[in-house]
Amino acid sequence: MLTPEENELLTRTGPGTPMGELMRRYWVPVAFSHQLEKPDGPPLRARLMGEDLVAFRDSQGRIGLIDEACPHRTASMFFGRNEECGLRCVYHGIKFDVEGNCVDVPCLPPGTPENQISAVKKNMKIKAYPCEEAGGVIWAYMGPADCRPELPELEWAEVPDDHRFATRHIQECNWLQGFDGGFDQTHLTFLHSGTVDMRRGNTDRHRRIVPSIYEFCPLPAGFAFGGGREIGDGNLSWHVELMMMPFHKVIPSVPRAAHMWMPMDDENTMLYSINFNTERPFTEEDLERELAWRGIHTENIPGTDRAIQTKANDFLIDRELQASGESYTGIKSLGAQDCGIQESMGPIADRTKEHLLVGDSSIVRVRRYLLDVLKDLAEGKAPPGGNPAHYRARSLRLEAPATTPFTELVESQVWGNRPAAAE
Ligand SMILES: [Fe+2]
């Protein structure tokens, strides 16, 4: 349970809000690289933490991320002409480069002196954020220039492109509902049961038994969370997940998986879902399996980031399927089950009304961690994860004697077991 003030603090991410300013200290996902495939191709709208922006790939392949509103008369740059190293507003032809510089103002009267033209250009700068590409994702940095870190060394972003399968879609609720839910291990036994049991031949004990032990271990960019299930003979089966700032989660499934809950605004989130293999390419078979039961992915309306199963159609809940036991929810696909239930809490869940249980300790930990980081930031302390190597952790499942301390397992196997990136 949170106070109303804490709930506000954690869920608001617009410019100037404490959480918004904290998130702006990290590289955040704008889109997949393939969505801006070709130089001079069509631009893409991107709503990030309440800011309406337009992304484009210029003639030299560089990514620009600029304000959607043209600073001349506020028309949308989405309709712009992407040509000769810049995006030109189609209203009056004014053109901007990837750094936001105004490079052409063709609507001035003929014969305007050169010094007047340069004065107009100087005043006409458009807001622009630096972008980089890694792991098939376009990342933007929207924070203060002197605090800009290097791109985080996330494992899924460092594997070759063919070792990874990633999708995204719009989740119609606040980012924290998704992030909270990401660390809820108890729900695996309920919300996702049925489909998953069948998918994995009913052998997946991580989903069939509720954890009896919940442990945490700090990491440089967040923490490792372990749910320990009793499997007899004094052994525990650990399901170790990673929480890394500001909204990363890594899951020890097979294939491995990760999520990012990128706030579009306070009531909409772009959920990125990534499957990846460290040792081998993602095969047709892998892909089929992930898509057959839809895994963590959603099926979208073609050409959009909107899922076919949405709040408007009750996520296509099938009551017969629910009654049959084949699916606990009657909602097909893990991704839709999570989104469905998280969106059902409302656009911004009222966490003052909760009655949390033992199994929610990871959720409590996530919120507490974020509140502590916000406090530190307000006191001028740099947020965690400033060094890209802080992200070099690996999630995993393992079995160990119940007497082995969780921190020992994390130190030997989660932290530092990841091979160094290829030079
Ligand atoms: Fe889930």
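Residues of region 270-296 being touching a helix residue (DSSP H, G or I) at 6+ places or on another chain (Cβ under 9 Å) and assigned to a loop (DSSP other than H, G, I, E, B), which ones?
Asn277, Thr278, Glu279, Arg280, Pro281, Phe282, Trp293, Arg294, Gly295, Ile296
For region 373-396, what are the residues that are open to solvent by 70 Å² or more (accessible area, probe 1.4 Å) and under 20 Å from His239 (Cβ atoms)?
none
Please state which of the following conditions Gly330 fails to meet, knowing it meets all the rest: (1) on the phi > 0 side of the Ramachandran plot; (2) at pLDDT below 90.
Condition not satisfied by Gly330: (2).
Per-residue answers, yes or no, for (1) open to solvent by less than 70 Å² (accessible area, probe 1.4 Å); (2) within 16 Å of the ligand (Cβ to nearest atom); (3) touching a Gly at 6+ places or on another chain (Cβ under 6 Å):
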| site | (1), (2), (3) |
| --- | --- |
| Gly303 | no, no, no |
| Arg306 | no, no, no |
| Asn313 | yes, no, no |
| Asp318 | yes, no, yes |
| Tyr328 | no, yes, yes |
| Ile331 | yes, yes, yes |
| Gly346 | yes, no, no |
| Ala349 | yes, yes, no |
| Glu354 | yes, no, no |
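Assess whether Met260 counts as being over 19 Å from Val364 (Cβ atoms), within 16 Å of the ligand (Cβ to nearest atom) and modelled with pLDDT of 95 or more.
Numbers: over 19 Å from Val364 (Cβ atoms): yes; within 16 Å of the ligand (Cβ to nearest atom): yes; modelled with pLDDT of 95 or more: yes.
In short, yes.
State all residues of region 150-192 that are away from the ligand (no atom under 16 Å from the Cβ), part of a helix (DSSP H, G or I) and among the aliphatic types (A, V, I, L, M); if no residue qualifies, say none. Outline the logic, then answer.
To start, the set of residues in region 150-192 that are away from the ligand (no atom under 16 Å from the Cβ) comprises 150-166, 168, 170, 172, 174.
After this cut, where a residue has to be part of a helix (DSSP H, G or I) as well, the list is 155-158, 161-163.
Selection gives Ala157 alone.
Looking only at region 55-113, count how many residues are in a loop (DSSP other than H, G, I, E, B), of a type in the set (S, T, N, Q) and buried (at least 22 other Cβ atoms within 10 Å of the Cβ). Step through it out loud before you land on a result.
The first filter runs over region 55-113 and keeps only residues in a loop (DSSP other than H, G, I, E, B), leaving 58-62, 68, 70-75, 80, 83-86, 89-94, 97-101, 105-113.
Going one step further and asking which of them are of a type in the set (S, T, N, Q), we end up with 59-60, 74, 101, 112.
Filter again for buried (at least 22 other Cβ atoms within 10 Å of the Cβ), leaving none.
Number satisfying all stated conditions: 0.
Just give me the residues in region 361-372 being open to solvent by less than 50 Å² (accessible area, probe 1.4 Å) and either at pLDDT 95 or above or away from the ligand (no atom under 16 Å from the Cβ) (or both), in sequence order.
The first filter runs over region 361-372 and keeps only residues open to solvent by less than 50 Å² (accessible area, probe 1.4 Å), leaving 361-363, 366-367, 369-371.
Ser361, Ile363, Val366, Arg367, Tyr369, Leu370, Leu371, listed by residue number.
Can Leu176 be described as modelled with pLDDT under 95 and touching a helix residue (DSSP H, G or I) at 6+ places or on another chain (Cβ under 6 Å)? Walk me through it before giving the result.
Working: modelled with pLDDT under 95: no; touching a helix residue (DSSP H, G or I) at 6+ places or on another chain (Cβ under 6 Å): yes.
No: the conditions fail for Leu176.
Can you tell me which residues in region 13-29 are of a type outside the set (A, V, I, L, M, F, W, C) and under 16 Å from the mean Cα position of the chain (by Cα)?
Going residue by residue through region 13-29, those that are of a type outside the set (A, V, I, L, M, F, W, C) are 13-18, 20-21, 24-26, 29.
Scanning region 13-29 gives Thr13, Gly20, Arg24, Arg25, Tyr26, Pro29.
Being under 30 Å from Gly16 (Cβ atoms) and more than 16 Å from the ligand (Cβ to nearest atom) narrows it down to one of Pro401, Pro383, Pro405, so name that one.
Details: Pro401 fails: under 30 Å from Gly16 (Cβ atoms); Pro405 fails: under 30 Å from Gly16 (Cβ atoms).
Just a single option satisfies the conditions, and that option is Pro383.
Do we find a residue being farther than 25 Å from Met23 by Cα and under 23 Å from the mean Cα position of the chain (by Cα) anywhere in region 235-248? Talk me through it step by step, then tell me what you get.
In the first step, residues of region 235-248 are kept if they are farther than 25 Å from Met23 by Cα; the result is 235-239.
With under 23 Å from the mean Cα position of the chain (by Cα) added as a condition, the list becomes 239.
Among the residues of region 235-248, at least one is farther than 25 Å from Met23 by Cα and under 23 Å from the mean Cα position of the chain (by Cα), which makes the answer yes.
Restrict the check to region 200-223 and report whether at least one residue is at pLDDT 95 or above, among the small types (Gly, Ala, Ser) and more than 12 Å from the ligand (Cβ to nearest atom).
Yes, that holds for at least one residue.
Give the residue, chosen from Phe247, Phe282, Phe225, that is more than 18 Å from Thr404 (Cβ to Cβ) and crowded, with 23+ Cβ neighbours inside 10 Å. Give the steps one after another, and end with the answer.
Working: Phe282 fails: crowded, with 23+ Cβ neighbours inside 10 Å; Phe225 fails: more than 18 Å from Thr404 (Cβ to Cβ).
It is Phe247.
What is the residue count in region 136-166 for residues that are without any contact (Cβ under 8 Å) to a residue 40 or more places away in the chain and under 30 Å from Ile296 (Cα atoms)?
2
The values are calculated or read from the model by the stated rules, or taken from the named source; none is laboratory data. Every value quoted in this text rests on a predicted model; they were computed, and no experiment measured them. Cβ atoms come from the backbone with ideal geometry, glycine included; neighbour counts cover every protein chain shown. Please note that ligands, DNA and RNA were not included when accessible areas were found on the heavy atoms of the full protein model with its side chains. Shrake-Rupley method; radii C 1.70, N 1.55, O 1.52, S 1.80 Å.
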